[in-house]
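Here is the structure we will look at.
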Amino acid sequence: KILVKYGTEEQKKQWLEPSIRGEIRSCYSMTEPDQPGSDPYSIQTRAVRDGDEWVINGHKWFTSGANRSSFAIVMCRTEIDDGEGLREKMTQIIVPTDTPGFNIIRSVPVWGHDGDHCEIKYKNVRVPITKQLGRTGSGHQAAQDRLGAGRVFHCMNSIGQMWRAYDLMLKRAITRKVHGGPMFEKQF
């Protein structure tokens with residue numbers, strides 16, 4: 001969704017179209033281990049302009065699918081924090097996962113399972129300024145555009161898992177036999 005709304009035609013051709021065809025995958029790198037995920041203004045990952053490049057340094061985790069992705073969309077602070085206008089200091093930048101300095105540290109366990117929610121350190125990651133999504137400072141709005149639907153999808157998954165477990169429990173209760181007869185007759 002971010003590429004559709006904020007990507008240039010060149011970015012869409014390079015990253016969106018292969019994603020739609022299922023040839024590559026992306027990940028979204030926003031949450032940080034030392035900052036509350038509920039407060040995007042506290043993001044500490046920095047992108048500093050150096051000529052025609054962004055240089056990114058920071059620490060992210062819960063970046064879902066990073067270990068199988070061709071690129072990350074990274075939420076960065078692109079201006080020095082002076083206490084005013086924090087919304088306009090966030091920018092999202094495309095970082096190919098094979099870029100030097102993009103280091104997957106580990107998979108972070110979630111709900112007791114190892115998965116593909118990765119911890120990543122960005123160490124002097126250099127990408128051309130043409131990898132920026134939208135204008136400098138539009139990252140907060142882009143995050144809201146993306147996260148709104150993402151939150152609904154997570155809720156849908158959790159509700160679906162709950163209903164599946166409930167259906168399995170009912171089936172088991174109705175079909176299980178104990179002490180010579182159906183469990184529901186003996187124990188309910």
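The values are calculated or read from the model by the stated rules, or taken from the named source; none is laboratory data. Model, not experiment: these values are computed from the prediction. In this analysis, Cβ positions are derived from the backbone assuming ideal geometry, glycine residues included, and neighbour counts consider all displayed protein chains. These accessible areas exclude ligands, DNA and RNA; they are computed on the full protein's heavy atoms, side chains included. Shrake-Rupley method; radii C 1.70, N 1.55, O 1.52, S 1.80 Å.
Residue selection: A47 satisfies the criterion of being outside any loop (DSSP other than H, G, I, E, B) and touching a Phe, Trp or Tyr at 6+ places or on another chain (Cβ under 6 Å). For segment 97-120, the set of residues classified as open to solvent by 90 Å² or more (accessible area, probe 1.4 Å) and under 14 Å from F62 (Cα atoms) consists of R106, W111, H113, D114, listed by residue number. A Cβ distance below 9 Å, combined with a sequence gap of six or more or placement on separate chains, defines the contacts here; from segment 161-182, residues that are more than 25 Å from W111 (Cα to Cα) reach residues that are loosely packed, with under 10 Cβ neighbours inside 10 Å in the pairs A173/F188.
When the residues of segment 145-188 are filtered to those that are at pLDDT 75 or above and of a type in the set (K, R), the one that is nearest to I2 (Cα to Cα) is R164. Please enumerate the residues belonging to segment 20-55 that are of a type in the set (S, T, Y) and touching a residue at least 24 places away in the same chain (Cβ under 8 Å). S26, Y28, S29, T31, Y41, T45 - these are the residues of segment 20-55 that are of a type in the set (S, T, Y) and touching a residue at least 24 places away in the same chain (Cβ under 8 Å). Cβ-Cβ contacts under 8 Å between residues 6 or more apart (or on different chains), taken from a first residue in segment 77-98 that is at pLDDT 85 or above to a second residue that is assigned to a helix (DSSP H, G or I) and among the charged types (D, E, K, R), are listed as R77/K89; T78/K89; I93/K131; I94/K131; V95/K131.
Restricting the search to segment 1-34, which residues are buried (at least 17 other Cβ atoms within 10 Å of the Cβ) and within 15 Å of M75 (Cβ to Cβ)? Passing the criteria: I2, L3, Y6, S26, C27, Y28, S29, M30, T31, E32. Scanning segment 116-144 for residues that are part of a strand (DSSP E or B) and more than 25 Å from E10 (Cα to Cα), we see that the one that is modelled with the lowest pLDDT is H117.
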